[in-house]
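Notes for the one structure printed next.
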Amino acid sequence: PAKYFDTKTTEPISFFLSGLEELLAWQPNSNDEFNVSAVPLAKRQPPLHSRRPRTLVCHDMHGGYLEDRFIQGSATRNPYVFYHWRYIDIFVYFSHHTVTIPPVVWTNAAHRNGVPVLGTFITEWADGEKLCEAFLAGGEEAYGAVAEQLARIAQHYRFDGWLINIENTLSAAAVGNLPLFLRDLTAQVHSAVPGGLVIWYDSVLKDGALRWQNELNDENRMFFDACDGLFTNYNWKEEQLEHTHRLAGPRQNDVYVGVDVFARGDVIGGGFDTDKSLRLIRQYGLSAAIFAPGWVYEHLGKENFLQNENRFWGSLAEYLPTHSICTLPLTTSFSLGMGTSTFLDGKDEESGPWYNLSAQDIQPLYPELQGRLSTSCCLQDAWCGGSSLQLQGTIPPGEERVAVRLFSLQMPAPPKLFLTLLYKLEGPQPDDFTVALEVTTWDSGICLEGNPTFLPEPNGRHYPRFLPAPPPGLAKLLAACHRGSHGWTSRCYELELQDCSLRDLSVIVSRQQPSLEKTSFTCLLGEVRVLDTASVAASPVQVHSVMASQLWWQ
């Protein structure tokens, strides 16, 4: 069927639903199994419902379902990717179809990085009025059926909830039932999807008129009260933030103030001035909804997209609270889920563009220190996948080293860790530098490294012990200890800790010799792994009764 499979290639594709009939008739079937997310939502710290302002990203690009609809990837040159997951809390996939089911590749990439994904339920124009009249004015049975279907769809495809966007006027009967529908939908989503969310877009008012308020007020508050959050329109002024802050009270983090990166209408900021909007939003302790950050790709062009993307998110970083990893193992090759080649063990196995967000790895922080350090994605060389992480910087005169924070961590340290690192130094004198890993722990009087006779490390900095060869039982898994090839250097480490809590994982680039000159370096990171020795040594889970269906041998 063309809904589930591309007519030209027969490959499985993601899809949307149009109209009320199709929504109410929806049932899971064997053709849509490709569209079910295979990656559970990773835990992260702090969790979504902690008391701090959040950041929602709403992805809206050319009507949606572009090359990202190909569930098993495509040979797309210069595709759009998003990878600043450490800086955001919620990802919404937006389109103008009635029921936007997020393409599964986005759900997989977001979940791997701990970010929940919402689909969109939208009604607009005259057709939207008719649709709302049919299910909202129809009473409890009618709106209950829609709520139940939306919750079932999120549960079946394993995404995390809905943005509800009613952009048309409503009759008195329809608007009277709207808060009841939102309450019912929110309850059903919460029960069907652990951690599920329903967010309302600022559009119609309690009298059924369509008038965007750009704030939380008494005209739209009953919708906010009936669900998990409000996403405001974009044309706000500072006094509206103040009013919203006062009215939201303890729920101020549940108001996502809209910021249109395309800066359409009378807005503050947008484009590379988006930080101006965020600065004000955060002054009032509110959450932010960044709409259409694909501006970087659409407006500035595909060619320098990765550089421009890092510049855009780097300019917002001070207003985006970041997230920590809180489970092991942590393993990543930094792949973006795209490339101009496919690399395996440092070797270019297959030249040619590819795009598959399901193959995106866990993404690090992307730290920038003006003039001293930049972190970017390198497509020209990689250890595995399509890209490596490129660190470029300078070590100032008289200083020995630069530390680059890759991940913040928040978890009790196991008694023993193994760490592996694959890197490649580039530039005229690569032998002038050494590269190593550093683990920091939270300050605690009882945290000790190694055997108890050691004194605690100052500032909780630990330099894992270099292992020339992997320990016997783990030789196969840790083949990384001496498998460098194609110019990549491989390192294996061990760290023993007692009563510690992990805080940061950094890469340290040091000079071999002290110098009064400033020295520039370029280092590619191909892979980093942090493993809890105890769980690595345990035997892997046995897989039973594998079923294969829909095979096509070529």
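The values are calculated or read from the model by the stated rules, or taken from the named source; none is laboratory data. Because the structure is predicted, anything quoted here is derived from the model rather than measured. So basically every Cβ, Gly included, is an ideal-geometry build from the backbone, and we count neighbours across all protein chains shown. Accessible surface is based on the protein model in full, side chains and every heavy atom, while ligands, DNA and RNA are left aside. Shrake-Rupley method; radii C 1.70, N 1.55, O 1.52, S 1.80 Å.
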task = Consider only pairs whose beta carbons are under 6 Å apart and that are at least six residues apart or on different chains; among these, list those whose first residue lies in segment 488-499 and is at positive phi and whose second residue is open to solvent by 20 Å² or more (accessible area, probe 1.4 Å).
result = 499/446
inquiry  = Yes or no: segment 2-14 includes at least one residue that is hydroxyl-bearing (Ser, Thr, Tyr) and free of Cβ contacts under 8 Å to residues at least 12 places away in the same chain.
reply    = yes
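Results for (1) under 22 Å from the mean Cα position of the chain (by Cα); (2) open to solvent by 30 Å² or more (accessible area, probe 1.4 Å); (3) assigned by the TED database to the domain that holds residue 263; (4) not acidic (Asp, Glu), shown as yes or no for each residue.
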residue: 290; (1), (2), (3), (4): yes, no, yes, yes
residue: 310; (1), (2), (3), (4): yes, no, yes, yes
residue: 339; (1), (2), (3), (4): yes, no, no, yes
residue: 343; (1), (2), (3), (4): no, no, no, yes
residue: 364; (1), (2), (3), (4): yes, no, no, yes
residue: 380; (1), (2), (3), (4): no, yes, no, yes
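Which ones in segment 393-406 are of a type in the set (D, E, K, R) and either assigned to a strand (DSSP E or B) or outside the structural domain of residue 467 (by the TED database) (or both)? Let's see the steps before the verdict.
Let us first name the residues in segment 393-406 that are of a type in the set (D, E, K, R), namely 399-401, 405.
Within segment 393-406, 401, 405 qualify.
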request  = Inspect all residues belonging to segment 50-59 and state whether any of them is hydroxyl-bearing (Ser, Thr, Tyr), without any contact (Cβ under 8 Å) to a residue 40 or more places away in the chain and out of contact with any Gly (no Cβ under 8 Å at 6 or more places or on another chain).
outcome  = yes
ask   = Does residue 217 meet the test of being in contact with a Gly (Cβ under 6 Å, 6 or more places away or on another chain) and part of a loop (DSSP other than H, G, I, E, B)?
value = no
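Residues of segment 44-65 being surrounded by 14 or more Cβ atoms within 10 Å (Cβ to Cβ) and either of a type outside the set (A, V, I, L, M, F, W, C) or touching a His at 6+ places or on another chain (Cβ under 6 Å) (or both), which ones? Even if it seems obvious, please write down each step before you answer.
In the first step, residues of segment 44-65 are kept if they are surrounded by 14 or more Cβ atoms within 10 Å (Cβ to Cβ); the result is 44-46, 48, 53-61, 64-65.
Passing the criteria: 44, 45, 46, 53, 54, 55, 59, 60, 64, 65.
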query = Given (1) open to solvent by less than 50 Å² (accessible area, probe 1.4 Å); (2) under 22 Å from residue 154 (Cβ atoms), where does residue 84 come up short, assuming only one miss?
reply = (2)
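With in a helix (DSSP H, G or I), surrounded by 15 or more Cβ atoms within 10 Å (Cβ to Cβ) and modelled with pLDDT under 95 as the only criterion, which of 68, 32 stands out?
Details: 68 fails: modelled with pLDDT under 95.
Of the residues listed, the single one that is in a helix (DSSP H, G or I), surrounded by 15 or more Cβ atoms within 10 Å (Cβ to Cβ) and modelled with pLDDT under 95 is 32.
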inquiry  = Given the criteria in contact with a Pro (Cβ under 9 Å, 6 or more places away or on another chain) and in the same structural domain as residue 122 (by the TED database), does residue 253 qualify?
reply    = yes
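Within segment 324-336, is there a residue that is touching a Cys at 6+ places or on another chain (Cβ under 9 Å) and either surrounded by fewer than 20 Cβ atoms within 10 Å (Cβ to Cβ) or assigned to a helix (DSSP H, G or I) (or both)? Before you say what the answer is, go through the steps one by one.
The first filter runs over segment 324-336 and keeps only residues touching a Cys at 6+ places or on another chain (Cβ under 9 Å), leaving 333-336.
Going one step further and asking which of them are either surrounded by fewer than 20 Cβ atoms within 10 Å (Cβ to Cβ) or assigned to a helix (DSSP H, G or I) (or both), we end up with none.
Within segment 324-336, none of the residues are touching a Cys at 6+ places or on another chain (Cβ under 9 Å) and either surrounded by fewer than 20 Cβ atoms within 10 Å (Cβ to Cβ) or assigned to a helix (DSSP H, G or I) (or both).
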request  = Sort out which residues of segment 264-288 are on the phi > 0 side of the Ramachandran plot and surrounded by fewer than 18 Cβ atoms within 10 Å (Cβ to Cβ), and write them in order of number.
outcome  = 265, 271, 285
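Do you know which residues across segment 407-434 are in a strand (DSSP E or B) and either open to solvent by less than 10 Å² (accessible area, probe 1.4 Å) or among the polar types (S, T, N, Q) (or both)?
Here is the first cut: in segment 407-434, the residues in a strand (DSSP E or B) are 407-412, 416-426, 433-434.
Matches in segment 407-434: 407, 408, 409, 410, 417, 418, 419, 420, 421, 422, 434.
State all residues of segment 155-173 that are part of a loop (DSSP other than H, G, I, E, B) and over 28 Å from residue 106 (Cβ atoms); if no residue qualifies, say none. Break it down into steps so the answer makes sense when it comes.
Residues of segment 155-173 that are part of a loop (DSSP other than H, G, I, E, B), as a first pass: 158-160, 168-171.
Result: 169, 170, 171.
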request  = Name, by its number, the condition in (1) assigned to a helix (DSSP H, G or I); (2) farther than 16 Å from residue 161 by Cα that does not hold for residue 107.
outcome  = (2)
note = Scanning segment 174-212 residue by residue, the ones that are open to solvent by less than 30 Å² (accessible area, probe 1.4 Å), small (Gly, Ala, Ser) and part of a helix (DSSP H, G or I) total 2
